[in-house]
Structures are given as C-alpha cells and as structure tokens.
Amino acid sequence: MNSPNSLAVVNCSQLVTLAGPRRPRIGREMRELAIIEDGAILVNKGLIKSVGARQAIEPLIDPNCIVVDAGGRVVMPGFVDAHTHPVFAGTRVDEYEQRSLGATYQEIAARGGGIPSTVKKTRESTSDELFHSCRQYSVWFLRTGTTTIEAKSGYGLSLEDELMILRVIRKLDDETQLRYVPTFLGAHDVPEEYRGRREDYVALVINEMLPTVVSGNLAEYCDVFCEEKVFTIEESRRILTKARSFGLGLRMHADQLSLSGGAKLAAELKATTADHLEHTDGEGISALNSAGVQPVLLPGSVYALGSTRYPAARAMIEAGLAVVLATDFNPGSSPTPSIPMILSLASTHLKMTPAEGVTATTINSAYSLGLGDQAGSLEVGKRADFVIHDCSDYREIAYFFGVEHAIATYAEGREAFRRD
Ligand code: NIG
Ligand code: FE
C-alpha cells in the first residue's frame, strides 16, 4: 500500500479537475470540467498539494515521492454517491425474478414483499453479520470509482434495529477506505407491528428514535419516504421539522411513485436535497429552485423497476438547479453501486451530457453532503480522493456501459482498490 505522505500522479491523458467556483455548479457550468491535458498532481499527507500541467508539476516531485504513472489514462475525482441504502441483510432476487415475469414493485409490496421483507431479514441478523455482508458492498463502490457515499438506515424500523444499522454504518466508515455520511431513515416504511396504528409509529420516530440517534451522534441527516401510501405530507413535515430542531440536515424521498407534493414540502422546509422526483412538475421545480434545494436524481431505480418515467433533468438544469445524480443502491429498487452505470442512464434517458453527469456525481454531490470544501474536485487542499479510469476520454465512462473502467481508486492518497 502506498504511503499517504508523498505521492505524485503523472501521465494523465485528461486530468478532470472540476476546479471552479466554491459552490455547486448550475446551468452551463455543469458542462465545464476544467480538464488539464497531460496533467499531474502532487499529494502530501492525504491532501492535494499541487495540480497542473506535467511540465509545471514534474520539477516539484521530491526524490522520495512515490510516483504513480497513470499510463495516459483519465484521472478524475472519486465519485460522491449522495443517496444509498447500503446496510441490509439478504437480497430480493426472488422479487426481481417475479418482476421479470410481469409483477410490479407495488404489487409485490402489497403481497408482503418489498421493504418489509428486507426489514425482517435485517432484524434477524446480528450486527457482526450485517457488518461483514455490507463490507463487501464497500469494495463494490471503491472498485467502480466511488470514494464517498451517503448511507441511510431504514431497514430496522425499531429503535434497537435502527441504532444497530447506524452503528454498522459508523463501523464501516471506521474500518473501510470508503467514507460514509450517515442518514437516519426511520421513516422508510410503517413496520408490520404498527399497521393500523401508524400514528404510534410516527410518535416513536419523533419522540424516541430521533432523540436517541442525535444523542449518539449517529446521523448527520434525516430522510423520510414521503409518498401517499407511505408517509403523508403532514407526517413527513412533523418528522422533518423535529429533525431540524435537533440540528440534522434534511433529505427527502419525494414524488417517486406519484406527485404527492414532496418537492414542495422539501422547498417549504428548505431541505438540503429532494430525491427521486420522477413525478415532480414545473411548479415543484420552481419551488425547489426558489428554496435552493438540490435535486438528487436516481435513474437506476427507474431502470431497475422497468419504468420509463425518468425525472425531468433537463428542465431542472435549465431552471438553474444544482442537479445531483446517485445510485440509490438498495436491495429492492436499485441494486447497483455503480456510478458509471448511472452516468450511462443519465446520458441516454435523462439527456444529460457526460460532462453534466460527471459534475452531478462529483462536485455537486459533494456540496449536497456538506463536503464541498473537502471532496468532489481535484483542487489544492482537498482530500486526495481520485480514480484512474482505463480510457483516454472521460466521456467513454458513460459511453462504454457495463464495463468497469476504474483500474485504481485512491482515498486520501492511499490506494483503496487496484485491478490486477
Ligand atoms: O429509494 N423509495 C424508497 N426506498 C428505496 C427502495 C427501498 C426498497 O425497495 O428496499 C428507494 O427506491
Ligand atoms: Fe432511496
């Protein structure tokens, strides 16, 4: 493993830096990647010390420095995946097969599948079992070029099980090279034992789960699955308002399966993000814009559910929203950890250019997690989270889909993955 102390990366066909204003990028800025042809980087103690053209950087390379030759390939910031559900037990491969035979996500949920089936398996697991199975997913993220993920709880739905999941997220953050930003999603579904008395479950989330999560410092954000048949606008407002009073940032699953007013609620509450938005209309988009809420678009779940209802990314970019793209990695609606797959879907179905896709999965997603000063671009003083992709033009990452382009991933200047 390379020393994090002093490292130089040379021979990059394109060094995709994303250098630019110290804020999320909007409109035409989303197409400006600040690429340095034949670029190089110097890293010291895990942070970026210099970035520039090879001729400018090479004279600064100390003889003791480890030199990484990128071999004429693309070097980019590590992807920042701003929406994942990475701690769950088992799979839902049986439901996937049923969907291939024509059943819908909602039909499967109505017959007792869906989120409750993952909740049951997760509750039956020990925290060690969960940690070991989910550590494998951290390797999947790193090998596809992701160095930071937002990680939601939400498959416990009891005080004890939600705490177990958040503690597993903390342990994964401590013990793997992937960085995790934790989000409390106790309001992911009403668990079976509360069916018929949902009001009691909302009270449990507000009065017991939130205070315990906050006092244990186990989450930075709170999220709610706001949907007519899951948590209503009023319930979501109560939960998120309480979360905000505890100092948590707000994220929301909004307008995923129907136009339920989720985007407007996110705007009213000045949430940090509103996620999904497949059904959001023009009014919702302008509400998000006026309130400065970042949309997090999740085309992997649209694709994997076999839907064609993709969110209106172009209208959002044209309205001036700082769009983010993420995987929504979860066992039900989006079993992919791959941002390159999301970049392909974004160009093909959301009509975002490859450059807009890169901005939405690096600098804009970093800002949506409060990490804009640490991650998402290759600029002096930021963490040396970077990836060598086996191509000479960054657009190939979206274009050649189904291929693992990353050949090496570095987190804070240390090699976190290398393909043999
Ligand atoms: O973001 N929408 C709610 N949550 C997930 C799906 C979770 C599951 O099916 O297990 C999503 O799509
Ligand atoms: Fe989700």
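A few notes on this one:
- Number of positions in region 110-132 that are modelled with pLDDT under 95 and open to solvent by 50 Å² or more (accessible area, probe 1.4 Å): 2
- Options 215, 236, 245, 260: the member that is open to solvent by less than 20 Å² (accessible area, probe 1.4 Å) and among the hydroxyl-bearing types (Ser, Thr, Tyr): 236
- Considering region 266-284, and only residues there that are more than 19 Å from residue 222 (Cβ to Cβ) and within 21 Å of the chain's Cα centre (by Cα), the residue that is nearest to ligand 1 (Cβ to nearest atom) turns out to be 278.
- Answer residue from region 293-309, given it is open to solvent by 40 Å² or more (accessible area, probe 1.4 Å) and either under 22 Å from residue 265 (Cβ atoms) or within 15 Å of ligand 2 (Cβ to nearest atom) (or both) and is nearest to the chain's Cα centre (by Cα) among those: 303
- Residues being touching a helix residue (DSSP H, G or I) at 6+ places or on another chain (Cβ under 9 Å) and within 21 Å of residue 191 (Cα to Cα) - total across region 233-250: 9
- Test result for residue 221, surrounded by 13 or more Cβ atoms within 10 Å (Cβ to Cβ) and within 18 Å of residue 250 (Cα to Cα): yes
- Looking only at region 143-163, and only at residues there that are closer than 27 Å to residue 404 by Cβ and open to solvent by 10 Å² or more (accessible area, probe 1.4 Å), the one that is farthest from the chain's Cα centre (by Cα): 143
- Taking the criterion of being within 12 Å of ligand 2 (Cβ to nearest atom) and not aliphatic (A, V, I, L, M), the residues of region 246-262 that qualify are 251, 253, 256.
- Residues in region 345-359 that are among the small types (Gly, Ala, Ser) and over 22 Å from residue 280 (Cα atoms): 355 only.
- Flag not set for residue 290, criterion: touching a residue at least 12 places away in the same chain (Cβ under 8 Å), more than 13 Å from ligand 2 (Cβ to nearest atom), more than 22 Å from residue 26 (Cα to Cα) and over 21 Å from the mean Cα position of the chain (by Cα).
- Strands (runs of 3 or more DSSP E) (entirely within region 349-420) containing at least 3 residues that are among the hydrophobic types (A, V, I, L, M, F, W, C): 386-389, 406-411
Conditions tested, residue by residue: (1) in contact with a Leu (Cβ under 9 Å, 6 or more places away or on another chain); (2) away from ligand 1 (no atom under 11 Å from the Cβ); (3) in contact (Cβ under 8 Å) with a residue 24 or more places away in the chain.
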residue: 78; (1), (2), (3): yes, yes, yes
residue: 85; (1), (2), (3): yes, no, yes
residue: 89; (1), (2), (3): yes, yes, yes
residue: 93; (1), (2), (3): no, yes, no
residue: 99; (1), (2), (3): yes, yes, yes
residue: 103; (1), (2), (3): no, yes, no
residue: 108; (1), (2), (3): no, no, no
residue: 113; (1), (2), (3): no, no, no
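- Cross-chain or 6+ apart pairs with Cβ under 9 Å, region 310-335 first and farther than 14 Å from residue 347 by Cα and charged (D, E, K, R), then away from ligand 2 (no atom under 13 Å from the Cβ) and open to solvent by 10 Å² or more (accessible area, probe 1.4 Å): 318/27
- Qualifying residue in region 39-50 (condition: loosely packed, with under 15 Cβ neighbours inside 10 Å and either out of contact with any helix residue (DSSP H, G or I) (no Cβ under 9 Å at 6 or more places or on another chain) or more than 27 Å from residue 188 (Cα to Cα) (or both)): yes
- Residue pairs meeting the criteria (Cβ under 9 Å; at least 6 apart or on separate chains; first farther than 18 Å from residue 385 by Cα, in region 44-71; second among the basic types (Lys, Arg) and assigned to a strand (DSSP E or B)): 60/49
- Matching residues in region 310-320 - criterion: being surrounded by fewer than 24 Cβ atoms within 10 Å (Cβ to Cβ) and assigned to a loop (DSSP other than H, G, I, E, B): 310, 312, 320
- Candidates 349, 405 - the one that is more than 30 Å from residue 116 (Cβ to Cβ) and either open to solvent by less than 10 Å² (accessible area, probe 1.4 Å) or away from ligand 2 (no atom under 16 Å from the Cβ) (or both): 405
- Only one entry in 16, 43, 93 is within 23 Å of residue 408 (Cα to Cα) and over 21 Å from the mean Cα position of the chain (by Cα), namely 43.
- Residue match in region 164-178 (condition: open to solvent by less than 10 Å² (accessible area, probe 1.4 Å), within 30 Å of residue 415 (Cβ to Cβ) and in a strand (DSSP E or B)): no
The values are calculated or read from the model by the stated rules, or taken from the named source; none is laboratory data. Given the structure is predicted, the values throughout are model-derived calculations rather than measurements. Backbone-built Cβ (ideal geometry, glycine too); neighbour counts: all protein chains shown. Just so you know, the surface numbers come from the protein's heavy atoms only, side chains and all, with ligands and any DNA or RNA stripped out. Shrake-Rupley method; radii C 1.70, N 1.55, O 1.52, S 1.80 Å.
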